[in-house]
Amino acid sequence: MNVYEQLHQRSLPLLEAYETDLTHDKDWIEENPGISFMHYTRVTGTHLIPLNRSDTYPPAGTKVKYLFGMADREMILQGKLEMQDWFENALRERPRLVLYYDGQTLQPVTLSQARDILEDYVHAIRSEWNSVLEGSAR
């Protein structure tokens with residue numbers, strides 16, 4: 001069973017509305033094979049937070065179209081943690097299921113574990129960016 005089939009099997013029974021969110025998730029997963037992500041299933045839909053490689057973000061100092069405006073890479077990266085904050089603190093209904101895909105295995109995690117994974121991810125991406133900047137400054 002591929003990663004989307006596993007995700008679908010676990011998430012669909014928990015959804016009471018917006019089951020079509022899973023179609024968008026499927027499209028993203030198929031277009032980004034092997035890319036890690038966090039997946040949140042609520043009663044009313046799903047959210048997928050991609051954990052892209054550092055080289056897929058815009059170059060330093062560049063703003064790109066993002067959601068409903070423009071953003072630089074730091075804003076895009078920080079937005080991943082802000083989504084986690086939203087799941088933890090702003091929603092009346094917490095996710096019924098949080099899944100983490102590390103590029104090979106899909107596994108359930110707690111919200112606390114999801115935060116740790118996202119914080120580690122953000123730190124690793126920033127470290128890679130800093131290494132590139134330090135290397136180019138030499």
query: Which fully enclosed strands (runs of 3 or more DSSP E) of segment 1-108 have 1 or more residues being free of Cβ contacts under 8 Å to residues at least 12 places away in the same chain?
result: 64-66, 69-71, 106-108
- prompt: Residue check, Gly79 against (1) modelled with pLDDT under 95; (2) surrounded by 13 or more Cβ atoms within 10 Å (Cβ to Cβ); (3) over 11 Å from the mean Cα position of the chain (by Cα), all met but one. Which one?
  reply: (3)
message: Could you go through segment 45-61 and let me know if any residue there is more than 15 Å from the chain's Cα centre (by Cα), surrounded by 12 or more Cβ atoms within 10 Å (Cβ to Cβ) and within 26 Å of Val132 (Cβ to Cβ).
response: yes
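Over 24 Å from Arg126 (Cα atoms), in contact with a helix residue (DSSP H, G or I) (Cβ under 9 Å, 6 or more places away or on another chain) and not polar (S, T, N, Q) - does that describe any residue in segment 58-65?
Of segment 58-65, the ones over 24 Å from Arg126 (Cα atoms) are none.
Checking segment 58-65: not a single residue is over 24 Å from Arg126 (Cα atoms), in contact with a helix residue (DSSP H, G or I) (Cβ under 9 Å, 6 or more places away or on another chain) and not polar (S, T, N, Q).
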message: Exactly one of these conditions fails for Thr23: (1) surrounded by fewer than 15 Cβ atoms within 10 Å (Cβ to Cβ); (2) within 20 Å of Glu93 (Cβ to Cβ); (3) among the polar types (S, T, N, Q). Give me its number.
response: (2)
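The values are calculated or read from the model by the stated rules, or taken from the named source; none is laboratory data. Just so it is clear, the model here is predicted, and its values are computed rather than measured. Methodologically, a virtual Cβ is constructed for each residue, glycine included, from the backbone with ideal geometry; neighbour enumeration extends over all protein chains shown.
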